[in-house]
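All remarks here apply to the structure that follows.
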Amino acid sequence: MGKRYDTMVSYKTLVLGASANQKRYAYKAVVLLLKNKIEVIPMGIKPGIIDGLLIVKPFIFQKGIHTISIYLSPALQVEYFEFIINLKPQRVIFNPGTENPEFTKKLNEVKIPFENSCSLVLLSSNQYKS
């Protein structure tokens with residue numbers, strides 16, 4: 001099993017497109033979130049474990065999500081629009097390559113903030129919580 005992180009802070013984050021492949025940026029984001037003591041829910045289509053956390057199957061409702069960090073191409077995001085909106089996150093982060101004007105328009109309509117950024121950079125530069 002992975003490490004245990006006892007002191008979690010706010011900014012509970014759902015990483016959409018999580019993978020147990022250590023070379024994937026979504027994997028690295030989950031690990032870095034945990035290192036920063038941020039509660040994280042990895043969600044992906046393939047089962048697996050990231051640093052002791054089970055990857056949750058898509059479309060399982062999660063309570064108290066502050067941030068959704070997207071690691072899915074715009075074409076794959078379409079089926080998640082309603083799911084993400086229904087989670088009512090405080091923000092959605094579109095990581096490089098996931099930017100989606102169609103989805104950001106919908107997020108604007110329901111007043112969910114978003115940013116085209118990189119979760120890894122935000123975490124590494126202490127900007128994730130700003």
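Select from segment 72-89 the residues that are among the hydrophobic types (A, V, I, L, M, F, W, C) and not in a loop (DSSP other than H, G, I, E, B) and write down the one among them that is surrounded by the most Cβ atoms within 10 Å (Cβ to Cβ).
Residue satisfying both the conditions and the ranking: 84.
Would you be able to tell me the number of residues in segment 43-62 that are charged (D, E, K, R) and within 14 Å of the chain's Cα centre (by Cα)?
The qualifying residues number 1.
Can you work out which of the residues in segment 12-25 that are more than 17 Å from residue 91 (Cα to Cα) and of a type outside the set (Lys, Arg) is surrounded by the fewest Cβ atoms within 10 Å (Cβ to Cβ)?
22
Which residue out of 17, 44, 48 is farther than 16 Å from residue 68 by Cα, out of contact with any Asp or Glu (no Cβ under 6 Å at 6 or more places or on another chain), at pLDDT 95 or above and of a type outside the set (D, E, K, R)?
Just one listed residue meets the conditions, 48.
Determine which single condition residue 33 fails, assuming it passes every other condition in (1) surrounded by fewer than 20 Cβ atoms within 10 Å (Cβ to Cβ); (2) touching a strand residue (DSSP E or B) at 6+ places or on another chain (Cβ under 7 Å).
Of (1) surrounded by fewer than 20 Cβ atoms within 10 Å (Cβ to Cβ); (2) touching a strand residue (DSSP E or B) at 6+ places or on another chain (Cβ under 7 Å), only one is false for residue 33: (1).
Going residue by residue through segment 50-71, is there one that turns out to be within 23 Å of residue 110 (Cα to Cα), among the basic types (Lys, Arg), assigned to a loop (DSSP other than H, G, I, E, B) and free of Cβ contacts under 8 Å to residues at least 60 places away in the same chain?
Checked against the condition, which is being within 23 Å of residue 110 (Cα to Cα), among the basic types (Lys, Arg), assigned to a loop (DSSP other than H, G, I, E, B) and free of Cβ contacts under 8 Å to residues at least 60 places away in the same chain, segment 50-71 yields at least one hit.
Conditions tested, residue by residue: (1) among the polar types (S, T, N, Q); (2) at positive phi; (3) touching a strand residue (DSSP E or B) at 6+ places or on another chain (Cβ under 6 Å).
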{"position": "22", "(1), (2), (3)": "yes, no, no"}
{"position": "63", "(1), (2), (3)": "no, no, no"}
{"position": "75", "(1), (2), (3)": "no, no, no"}
{"position": "83", "(1), (2), (3)": "no, no, no"}
{"position": "104", "(1), (2), (3)": "yes, no, yes"}
{"position": "120", "(1), (2), (3)": "no, no, no"}
{"position": "127", "(1), (2), (3)": "yes, no, no"}
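Going through segment 97-117 one residue at a time, which ones are in a loop (DSSP other than H, G, I, E, B) and crowded, with 18+ Cβ neighbours inside 10 Å?
Of everything in segment 97-117, those that are in a loop (DSSP other than H, G, I, E, B) and crowded, with 18+ Cβ neighbours inside 10 Å turn out to be 98, 100, 112.
The values are calculated or read from the model by the stated rules, or taken from the named source; none is laboratory data. Just so it is clear, the structure is predicted and the values come from calculations on it, not from any experiment. FYI the Cβ positions are ideal-geometry reconstructions off the backbone, even for glycines, and counts take in every protein chain you see.
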